[in-house]
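Beneath this line is the structure, given in structure tokens, with notes to follow.
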Amino acid sequence: MNDMKKYLSETVRAIAPSGIRKFFDIVAKMDDVISLGVGEPDFVTPWHIREAALYSLEKGYTMYTSNQGLPELREEIARFKEKKTGLRYSPEKEVLVTIGVSEAVDLAFRALLAPGDEVLIPEPSYVSYAPGTVLASGKAVPVPTYDGDQYKLKAENLEACVTGKSKILVLAYPSNPTGAIMTKSDLEALLPIIIKNDLLVLSDEIYGELTYYEEPHVSIAALPGMKERTIMLDGFSKAYAMTGWRIGYVCAHADFIGAMNKIHQYTIMCAPIMGQKAAVEALRNGDKEMRNMVENYDYRRKLMLNGFRSIGLSCFEPQGAFYCFPDISVSGMNSEEFCQLLLEEKRVAAVPGNVFGVSGEGFARCCYAASVADIEEAIDRMGSFLRLHSREAI
Ligand code: PLP
């Protein structure tokens, strides 16, 4: 009985573990590391949100909620989305509360994909869409995006990847790992292809509040004819510094929500009530702290961007989320070698760009949700690393 792997499903065996986690298991065993690694706010959840959860416990709210989530939370979500997009989602039929956006991604693929259906995933991409597709028997099709296009998804690059089997386009802007955004006109350019090929759009808007551009985030769902085609995902992890609470949600057509809720009720039952109570408070009264956090990230975004440029790393200016994605090719190393050696020699942890897909090769993801002192020290250490290792004199 020692070859236990033979019992595992072929599908799960074929999936590689997350490259981010693999890297950070190494980091966790080292001392004195400055981590620009895990994509997580460095703020603690604002006090009034924590207090709302404590208060709900004190009042004895410790039971299951409706599978779809607390009605008051679904109402707040519908109100919030109406304010942001002008779209009205029915809290009864078109909103589902999930265990983070992570669960929502899984539910959407499982509810919508038939074996062999293709999912178009703009790359470099957050790490869960491709495995999520495969686990739901679909086929992940990477669509490259480029530094020179500010990592926007271009219509011609999308069109080149569409086949008769394409069913879902993933749009995840602002982007993890690049910090790219898609403006209204960028999104409009994709509509003819989406409509002509009858695609659905899985729009992951978890960084929608974290933007540093003159226009606020625009959801593709708000464009003509797109509400019904869009499965809009969002959550509390990033904007409200609530990663540990595990609350996200989906807004979509009632038929899609019904199908996703079927899977959710048999696998999860419901999101934890304490987190849902906290999320209600976040939407009702969390705007001011959230804006302060965004202002603070913006300061650190500029600090990191200018720092990288000053040490000779070329870097696209991110306009959303909390990541810089510098081009590390000046080092003459590939992404894995660069991040491995930087960690060993200088004790700075960044994520190799290739874990976000082949088009991330030659880059590294650095999260600026770190302290100002750590960002400054990391840039110093990276500068001295590059002076030692660069192909070109810096
Ligand atoms: N979507 C993107 C683009 C992310 O970057 C992350 C986390 O890093 C998630 C989803 C997962 O979010 P949640 O904490 O809501 O599961």
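Expressed per residue, the C-alpha convex hull volume of the range 264-346 stands at 185 Å³. Relative to the Cα centre, the charge distribution of the range 47-285, modelled as +1 at Lys and Arg Cβ and -1 at Asp and Glu Cβ, gives a dipole magnitude of about 480 debye.
Mean projection of the Cα convex hull over all viewing directions, computed for the range 314-366: 3.6 nm².
For K139, the residues 5 or more places off, or on other chains, whose built amide H falls under 5 Å of its own are G116, D117, E118, V119. Each of T62 and K262 was given a label point 7 Å from its Cα along the Cα-to-Cβ line. The distance between the two points is 3.5 nm. What the phi angles of the range 365-370 give under the Karplus curve with 6.51, -1.76 and 1.60, with θ = phi - 60°, is a coupling list of 8, 10, 8, 9, 7, 10 Hz, glycine and proline written as x. Please say if the range 164-278 is rounded, prolate or oblate, where rounded means a/c under 1.5 for a ≥ b ≥ c the square roots of the C-alpha gyration tensor eigenvalues, and otherwise the choice is prolate for a/b larger than b/c and oblate otherwise? It is oblate, given that a/c is not under 1.5 and a/b is not larger than b/c.
Spin-label model, M4 to I195: label points 7 Å out along the Cα-to-beta-carbon direction sit 5.5 nm apart. Spatially, the range 184-209 and the range 53-116 are offset by 22 Å when compared through their Cα centroids. 3J(HN,Hα) along the range 227-239: 4, 5, 8, 9, 9, 9, 10, 7, x, 9, 3, 8, 5 Hz, from the Karplus curve 6.51 cos²θ - 1.76 cosθ + 1.60 with θ = phi - 60°, whole Hz, x for Gly and Pro.
Using the Karplus relation 6.51 cos²θ - 1.76 cosθ + 1.60 with θ = phi - 60°, the per-residue 3J(HN,Hα) values for the range 188-201 come to 4, 5, 8, 4, x, 6, 4, 5, 4, 9, 6, 8, 8, 10 Hz, with x marking Gly and Pro.
The angle between the Cα long axis of helix 372-389 and the longest principal axis of the Cα atoms of the chain comes to about 50 degrees, rounded to the nearest 10. For V201, the residues 5 or more places off, or on other chains, whose built amide H falls under 5 Å of its own are L169, T230, I231. What the Cα convex hull of the range 1-110 gives, in volume per residue, is 249 Å³.
The H on the amide N of R365, modeled in the peptide plane, is under 5 Å from the matching H of V351, G353, each at least 5 residues off or on a different chain. Which shape class, rounded, prolate or oblate, goes with the range 204-247 when its Cα gyration tensor gives a ≥ b ≥ c as root eigenvalues, a/c under 1.5 marks rounded, and past that a/b bigger than b/c marks prolate? The shape class here is oblate. The calculated FRET efficiency for the pair A28 and R79, based on their C-beta separation and a Förster distance of 45 Å, comes to about 0.65. Beyond 28 Å between alpha-carbons counts as too far, so tell me which of K6/K262; K302/K346; K152/K238; K29/K152; K152/K227 fall in that bin. Check vs 28 Å cut-off fails for K6/K262; K29/K152.
Mean-square fluctuations from a GNM of the chain, with a 10 angstrom spring cutoff on Cα atoms, peak among N157, N176, N334 at N157.
Residue exposure proxy: M63, M269, ordered by other Cβ atoms within 10 angstrom of their Cβ from fewest to most, comes out as M63, M269. Taking A271, A52, A279 in turn, the Gaussian network model of the chain (Cα-Cα springs below 10 Å) assigns the largest fluctuation to A52.
Can you tell me what share of the DSSP beta bridges in the range 47-285 is antiparallel? A percent to the nearest 5 is fine.
Bridges in the range 47-285 that DSSP calls antiparallel: roughly 30 percent.
Taking D186, D32, D287 in turn, the Gaussian network model of the chain (Cα-Cα springs below 10 Å) assigns the largest fluctuation to D32.
Give a quick list of chymotrypsin sites (Phe, Trp or Tyr not before Pro) in the range 139-212 that DSSP marks as loop, anything other than H, G, I, E or B, with at most 16 other Cβ atoms within 10 Å. Before the final figure, lay out each step's value.
Working: sites: Y146, Y151, Y207, Y212; in loops: Y146, Y151, Y207, Y212.
Those satisfying the criteria are Y146.
By definition, a body whose alpha carbon gyration tensor gives a ≥ b ≥ c is prolate when a/c is 1.5 or more and a/b is larger than b/c, and the range 47-285 fits this prolate description.
We did not get these values from a lab; they are worked out from the coordinates using the rules stated. The structure presented is a predicted model; accordingly, all values stated were derived computationally and were not measured. A quick note on method: Cβ atoms are made from the backbone with ideal geometry, for glycine too, and the neighbour counts reach across all protein chains shown.
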